[in-house]
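Every number here is computed from the coordinates shown, using simple stated rules; none is lab data. The shown structure was predicted, so the numbers you read here are calculated from the model rather than taken from an experiment. Positions of Cβ are generated from backbone atoms using ideal geometry, with glycine treated the same way; all protein chains shown enter the neighbour counts.
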Amino acid sequence: MKRRLVTSSLALAVAVPLMAACTSNSPSSEGGSTDSPREMAVTSTNDACDVSAQKAPSGNLVFNVKNDGSKVTEFYLLAEDGLRIIGEVENIGPGLTRDLVVKAPPGDYFTACKPGMVGDGIRDAFTVTDSGEPAQVTGKDAELVKAANEQYASYVKDQTEQLLAKTRKFVSLYEAGKDEQARALYADARVHWERIEPVAESFGDLDPKMDLREADLQEGQKWTGWHRIEKDLWPPKSGYQPMTDAQRTAIADQLLKDTKDLYQRTRTITFTADQIGNGAKGLLDEVATGKVTGEEEIWSHTDLWDFQANVDGARVAWEGLRPLLKKDNPELDQQIDRRFTALQDLLDAHRKGDGFVSYTELDKTQVRKLSDAVNALSEPLSKLTAAVTL
């Protein structure tokens with residue numbers, strides 16, 4: 001679960017909460033900071049989001065985002081309504097630079113930074129003019145892109161189907177007070193959410209209801225979803241008031257209702273190569289900011305199940321784009337392959353039966369090795385989108 005209200009670049013047209021500005025951007029020029037009008041420099045600080053251009057021609061756009069602040073930040077390109085996310089790049093630590101590569105047709109947009117990854121964002125208007133270039137890839141590459149898009153859409157549909165089926169069973173057990181059986185199913189059901197987390201989170205109105213952690217609750221916000229039930233199934237040793245039967249029913253019914261909603265919304269969803277590539281990187285960011293720290297499943301300590309699911313989803317996204325990547329950058333493809341293998345080997349060392357050991361059983365050295373492997377994979381994976389779209 002990302003520590004923010006607006007998430008993911010994978011959905012083409014989905015509603016997410018409005019990101020309100022706390023200050024305006026101050027573009028330094030009408031053109032990009034490089035020789036290409038499609039490349040923009042972005043400087044994010046704790047209280048500003050400076051973009052080097054207010055407009056660019058349609059096509060593949062590159063935002064080079066540097067964090068000059070003291071807080072981890074994120075950067076978004078939002079649609080005209082300020083709700084739909086065209087693309088995002090997250091987990092940009094102080095002093096680091098990351099690129100966001102997106103394909104944008106002509107229209108009005110907003111750029112937005114989110115210092116601290118919580119609270120209000122900082123945004124300003126951005127315009128994409130008509131370059132006259134065709135919006136779609138043509139020729140042999142078009143067949144590869146179409147295949148990747150269709151494959152990933154099928155994967156998302158399959159995962160939401162399995163998520164719905166297991167959620168039905170899980171909430172039935174929970175409502176019936178069969179806590180031991182519900183605990184046994186909890187992690188297994190959630191992997192289907194975690195595998196497509198950037199897609200699921202792109203539905204910003206559903207994500208806070210389904211996957212919000214207690215630590216990320218805003219003042220006055222109602223806590224529902226998986227982690228609310230998690231705390232009730234693995235309650236603290238003291239100071240916790242168990243939910244009543246009526247409260248259990250209300251929370252469980254809401255989770256099932258929201259899961260059905262997610263299922264319906266993903267029946268017709270479509271993707272582009274840049275969205276799939278950015279989504280793969282986004283899943284590794286999920287691991288780095290939550291799973292590898294043990295903060296995601298704070299009560300059940302089933303973080304390694306989530307960790308594996310995020311890696312699974314990133315691998316599927318990359319594999320769908322491999323025919324394009326092998327053609328254009330076989331060295332990068334091989335590097336990603338090796339680092340996926342190295343990370344998987346480390347994860348496999350912590351398997352237990354059909355699942356994994358509790359995250360609390362890992363020592364600091366084991367956690368550090370996992371973190372290092374995630375970072376090692378994240379570096380070449382961050383180049384995937386540019387390699388298959390530019």
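Observations on the structure shown:
- Once the Cα atoms are used to define both axes, helix 140-175 deviates from the longest principal axis of the chain by about 20 degrees.
- When each of the peptides 235-241, 368-374 is scored by how many other beta carbons lie within 10 Å of its residues on average, the order from highest to lowest is 368-374, 235-241.
- Share, in percent, of DSSP beta bridges within the chain that are antiparallel, nearest 5: 75 percent
- GNM on the chain, alpha-carbon springs under 10 angstrom: the most fluctuating residue among G116, G353, G87 is G353.
- Student exercise, the chain dipole from Lys, Arg, Asp, Glu Cβ charges, in Debye to nearest 20: 600 debye
- Selection from G225, P235, L332, by position along the positive dipole direction of the chain (Cβ): P235
- Most mobile listed residue (E361, E74, E150) in the chain, GNM with C-alpha springs under 10 Å: E361
- For segment 37-189, the Cβ-based charge dipole about the Cα centre amounts to some 340 debye (Lys, Arg positive; Asp, Glu negative; other atoms uncharged).
- Report summary: the helix-based calculation at 222 nm, which adds -39500 (n - 2.57) for every DSSP H run with n ≥ 4 and divides by the residues of the chain, gives -15000 deg cm²/dmol.
- In terms of the mean number of neighbouring beta-carbon atoms within 10 Å, the peptides 163-169, 354-360 order highest first as 163-169, 354-360.
- The angle separating the long axis of helix 330-348 from the principal Cα axis of greatest extent in the chain is about 10 degrees.
- Comparing P94, P242, P37 in a Gaussian network model of the chain, where Cα atoms under 10 Å apart are tied by springs, the biggest mean-square fluctuation is seen for P242.
- Between 0 and 90 degrees, the angle of helix 245-265 with respect to the longest Cα principal axis of the chain falls at about 30 degrees.
- Protection proxy ranking, peptides 196-202, 296-302, 285-291, average beta carbon neighbours within 10 Å, highest first: 196-202, 285-291, 296-302
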